[in-house]
Amino acid sequence: MSTSISATKGPIQLHYDAGQVVVTPEDQDRFVMVSRQAVSACQNALAGERFLKQFKDDFLGQLHNWCLEQHGLVDQCYVSFSHTWGYIKVFVVAKSAKFDFALSDSIADLEAKLLDLDWPCDILQIASGAPEELQVFFNPEQSIQVFTDGNTGGASSKS
């Protein structure tokens, strides 16, 4: 039995024939796979969308809210990823030009809270300085800026 499904507004056409699925996207490349693979690909795409939403809402949301609570001590906050690290790295730029022990205690509490929420990460405090000094630790242009307090003249350069 052959069944063809074509979305009138969508760019992808599916054709099912005896356990195989033919997927034809807008560029007309064709992918033939067994139905198990097609279902798995759809499930993976859905899981990726769910993960991204959960990452934005749970992880980035918690981090941003914490920065708002610490706005007197925090100038900027970035999330950076690297294939060499293998985990999420967070960089908190303090308003102080020296290591802030009070902020350090709060960062430790935040790390524990995120770990309890199944978001293991490493949070590093960076003293305030010139924007180019951030390059020593990470590349701000390839990172997610979660928070910035535009009221200070410290390392803040992005709005």
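The distance between label points at V39 and K53 comes to 2.2 nm (points 7 Å beyond Cα on the Cα→Cβ vector). Ordered by the count of other Cβ atoms within 10 Å of each Cβ, fewest first, K56, K89, K95 give K56, K89, K95.
Laboratory data are not the source of any read-out in this text; all were calculated from the coordinates shown. Worth saying up front: this structure is predicted, and the values here are computed from it rather than measured. With ideal geometry, Cβ positions are generated from the backbone for all residues, glycine too; neighbour counts draw on all protein chains shown.
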